[in-house]
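Participant: Provided herewith is a single structure, encoded as structure tokens, for subsequent inquiry.
The values are calculated or read from the model by the stated rules, or taken from the named source; none is laboratory data. Computed from a predicted structure; not experimentally measured. Note that each Cβ is placed from the backbone with ideal geometry, even for glycine, and that neighbours are counted across all protein chains shown.
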Amino acid sequence: MLKLSEGFSAPVPVIGVVIGFASSFTFLSFSLKTIPLSSAYATWAGTGTALTAAIGCLLFHEPFSLKTIIGLVLVIGGVYLLNHSKGEEAGEPPAQLHSERLEPAKRQQ
């Protein structure tokens, strides 16, 4: 949508950009309630990078070469390694997602 906004001069794409950015940051802030900052931001940024490259290729016919694929695989692999390296140095298992909503169910058992 940002490319379609033509420097924020086309009103309809600008509305899409504002809604997209607002929802993106809103969902990032929701994820920070249960996920560590480094994992949440890395996942958010990596997902955004991969989706932007895919949208650019599909909608705007931007080149999608072997180097692009390798770069995306490295970004996704880096996010995976970052998210699964938490606690390994201390001998702990990888971090698990916790939710306060699950706690009452565990107490009843």
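Participant: Only one of PHE27, PHE60 is out of contact with any Leu (no Cβ under 6 Å at 6 or more places or on another chain) and either surrounded by 13 or more Cβ atoms within 10 Å (Cβ to Cβ) or under 26 Å from TYR80 (Cα atoms) (or both). Can you tell me which?
Facilitator: Exactly one residue qualifies, and that residue is PHE27.
Participant: If you take the residues in the range 2-24 that are in a helix (DSSP H, G or I) and of a type in the set (Ser, Thr, Tyr), which one is modelled with the lowest pLDDT?
Facilitator: Within the range 2-24, the match that is modelled with the lowest pLDDT is SER24.
Participant: Moving to a separate point now. Return the residues of the range 33-42 that are in a helix (DSSP H, G or I) and closer than 14 Å to LYS86 by Cα; say none if nothing qualifies.
Facilitator: Residues satisfying the conditions are LEU37, SER38, SER39, ALA40, ALA42.
Participant: Check the range 49-65 and report whether any residue there is free of Cβ contacts under 8 Å to residues at least 60 places away in the same chain and farther than 22 Å from LEU2 by Cα.
Facilitator: The answer is yes, given that some residue of the range 49-65 is free of Cβ contacts under 8 Å to residues at least 60 places away in the same chain and farther than 22 Å from LEU2 by Cα.
Participant: Taking VAL17 and the conditions (1) loosely packed, with under 14 Cβ neighbours inside 10 Å; (2) over 22 Å from GLY78 (Cα atoms), which numbered condition does it fall short on, given that it satisfies the others?
Facilitator: For VAL17, the failing item is (1).
Participant: What is the number of the single condition among (1) modelled with pLDDT of 90 or more; (2) over 15 Å from the mean Cα position of the chain (by Cα); (3) within 21 Å of MET1 (Cβ to Cβ) that PHE27 does not meet?
Facilitator: Answer for PHE27: the failing condition is (2).
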